[in-house]
1. Output yes when any residue across the stretch 433-453 is farther than 13 Å from A512 by Cβ and not in a loop (DSSP other than H, G, I, E, B), and no when none is.
2. Name every residue in the stretch 448-481 that is over 26 Å from E227 (Cβ atoms), of a type in the set (S, T, Y) and surrounded by 20 or more Cβ atoms within 10 Å (Cβ to Cβ), in order of residue number.
3. For the condition part of a helix (DSSP H, G or I), open to solvent by less than 10 Å² (accessible area, probe 1.4 Å) and in contact (Cβ under 8 Å) with a residue 40 or more places away in the chain, what is the one hit in T345, T364?
4. Would the stretch 223-235 turn up any residue that is among the aromatic types (F, W, Y) and touching a Ser or Thr at 6+ places or on another chain (Cβ under 8 Å)?
5. Write out, first by first residue and then by second, each pair whose Cβ atoms fall under 7 Å of each other, whose residues are 6+ apart or on separate chains, and whose first residue, in the stretch 238-253, is touching a residue at least 12 places away in the same chain (Cβ under 8 Å) and over 27 Å from L210 (Cβ atoms) while the second is in a strand (DSSP E or B) and open to solvent by less than 10 Å² (accessible area, probe 1.4 Å).
6. If we keep just the residues of the stretch 379-405 that are open to solvent by 10 Å² or more (accessible area, probe 1.4 Å) and touching a helix residue (DSSP H, G or I) at 6+ places or on another chain (Cβ under 7 Å), which is farthest from A283 (Cα to Cα)?
7. Would it be correct to say that D73 is within 15 Å of R219 (Cα to Cα), modelled with pLDDT of 95 or more, of a type in the set (D, E) and crowded, with 16+ Cβ neighbours inside 10 Å?
8. Considering (1) over 30 Å from K542 (Cα atoms); (2) surrounded by fewer than 16 Cβ atoms within 10 Å (Cβ to Cβ), say which one N189 fails and leave the rest.
Amino acid sequence: MNRIITLLFVLPGFIFSQEVPTTKAASEKNTDKFKQMYDLMATPNMYRTASGAPGPEYYQQQADYKMDIELDDKNTKLYGQETITYTNNAKESLDYLWVQLDQNQNSRKSLSPLVENRKTDPAMGVQGFSRKYLEEDFDGGFIIEYVKDALGKPMKYIVNQTMMRIELVTPLKHKEKISFSIKWWYNINNYTIDGGRSGYEHFEKDGNNLYVLAQFFPRMAVYNDVEGWQNMQFWGSGEFALPFGNYEVNITVPADHILEATGSLINRGEVFTPAQLARYALAEKTFDKPIMIVTQAEAEAAEKGFSDKKKTWKFKAENVRDFGISTSRKFIYDAMAVQLDSRTTMAISLYPKEGNPLWEEYSTRMVAHTLKSYSKYTFDYPYPKAISINARDQGMEYPMICWNFGRPDETGKYSDQTKYGMLGVICHEVGHNFFPMIVNSDERQWTWMDEGLNSFMEYLAESTFELNFPTRRGPAKNIVPYMSGDQKGLEPIMTNSESIRQFGNNAYGKPATALNILRETIMGHELFDYAFKTYSNRWKFKHPTPEDFFRTMEDASAVDLDWFWRGWFYTTDATDIGIKEVKKYFVSNEPSKEVAEFLKTRRRRDSNPGKMVYMIADGSEDYKPEMNKPFKISDYKDLDEYVTANFTPEERAKLNEPKYFYQVTFDKPGGLVMPIIVELIYEDGTTETQKFPAQIWRMNDKEVTRTFATQKAIVKIQLDPKLETADIDTTNNTWPKEEVKSKFD
């Protein structure tokens, strides 16, 4: 079909137009980067509205747990029995239930190791060779002893790898509840040897174990309006999708252990000494520094003995999606109160002596700072506490509790890299309480919805914790090496968790950078912060999808961002904007030959065609050296007469009188459309920055042109001077062109 392109020719005070017919092949696809995302996003409905908010028919299931857990420290086994009460809030009936058995990834029958490419290493350590080829694999999968209904009768079930289907005798109807019990046990993995997100760390010198226990119980899968049952297998990368519920958990461990877990400890008087109780009471009133609850001296004394007695710690947690436990006789324990706008909560750290002096100095302070920072941009942290556990080589999160790496050497010394690595992981993992523990996205499907959003929030928190904090993710320039890489090794952010090759860059770094660019360069703090807070509050304690986030950010800001989501999240395009050409123009009373010919053949939109001002390009055929002088109205008779006749002296004094005119053509070798940020550097050393919205590319995705009328002569033009757009090639960002090395090399 034919289409019409209107070409605009601009002279000072006049506009000329020409309609040029072009032919568009019928098979050509709409590649407009500003088209709305109806082709990519799910259709809004009564469950999830077009505004990005939960709809009037939105629902979510509830899973409540009562558990008795016992740790066999000598044999590193965990035993458990649970009663799950499941409420069906969906309008449809359910014929069966799906339960997650993520611990089965550690089973010898697990398929997870079989889906990985493994080449022969040219050289291997003796221990590594033995483990890979000679030794039997660790077997840590669930041993299910029974599944029974509320009357104690066996229920029919089938285990498919990391998922268990429980069949119901009668369908579970809308608003009905069902209770059933599961008994199980498993061998706990030494995660420093066998890997894993939880398990135990063994300390050879004193013979103790430090346990970080998660995915330790059969957990209900999510059933919702988007996936039905989210029963995708746990292959290792995609984390967890879980419903909210209430927990009552009794945990029995050796009597000399110190333990923390998700929820409120309801029998503190039975498990703490009187001195520890008094210290905790003081910590609840202390807001400026951590208070030692269990001292290093007490921890060192405890780790020398191995009690045969037991102690049961009892916890209750409301409206959480998961449960985590950490226990050891090696633990030092400190805590402090944190005042938020509407409530008080507790920041807590547990760590072995091997973590000091680093952990005693910094951990709980970072926990407190993280809670304050995240609450500022989202909602006040609603839970009674947030706990940071020091565990070697770990960085993993659960409601109210997380495990974090970072220790000094044996002499207590540590580098800045160790310090800031520890602080960064604590901030990140504590921050996960907000995303996804409360704003409960589907990690099994979309890693970026928790890791990316959380990495962005981590960047904001780190930047206010300490001046010049060496943050890893967030600043646009940090993502350039990834986005400029070989396209064959990249995939869009909107890729399922199990198919991402560069996990950290794709799911953490790039979305964090995208959000930072939205806040700093495209939307501004006020609009972004309001929209982000709206999303966080709309979807706290609910299950959002990517569309819910995208739509809310637009709905609450009145900023059309479809072009941004499309480019940054659905493609692997990169930013590369350059200066193609700069022309200097001079004003003339006489038309150039080019303009004269143009005026003969085209209708001029001007009521006074006899009086015009003409622009002559430096270096053109009609350019004369005497033109090379600053523009002045009085030098041009027709223009001076027009100004005198139409403006009072007072009005004339307010008129702009630019002295120099520069036409700049920008090209875009990169695929992403982004704002053009231009810094003009004048001959007197002063600068001026102008920013053109990304929509400037809407009519031409290859190049665009702007004319700058200035009071002072320009000696240099610099694109993206503060490196805000993740431009992968800065060698084309200056005029005159500089033979300089890229700032990212």
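1. Residues of the stretch 433-453 farther than 13 Å from A512 by Cβ: 433-434, 436-446.
In the following step, the residues that additionally are not in a loop (DSSP other than H, G, I, E, B) were identified as 439.
The answer is yes; a qualifying residue exists.
2. Y459, T471
3. Details: T345 fails: part of a helix (DSSP H, G or I).
Criteria check complete, one pass: T364.
4. Initially, the stretch 223-235 is screened for residues among the aromatic types (F, W, Y), giving 223, 229, 234-235.
From what's left, touching a Ser or Thr at 6+ places or on another chain (Cβ under 8 Å): 234-235.
Within the stretch 223-235, one or more residues are among the aromatic types (F, W, Y) and touching a Ser or Thr at 6+ places or on another chain (Cβ under 8 Å).
5. P243/A63; P243/M220; F244/V320; G245/A63; G245/Y65; N246/A317
6. D393
7. Numbers: within 15 Å of R219 (Cα to Cα): no; modelled with pLDDT of 95 or more: yes; of a type in the set (D, E): yes; crowded, with 16+ Cβ neighbours inside 10 Å: yes.
In short, no.
8. For N189, the failing item is (2).
The values are calculated or read from the model by the stated rules, or taken from the named source; none is laboratory data. Fair warning: this is a prediction, and the values are worked out from it, not measured in the lab. Note that each Cβ is placed from the backbone with ideal geometry, even for glycine, and that neighbours are counted across all protein chains shown. Accessible surface is based on the protein model in full, side chains and every heavy atom, while ligands, DNA and RNA are left aside. Shrake-Rupley method; radii C 1.70, N 1.55, O 1.52, S 1.80 Å.
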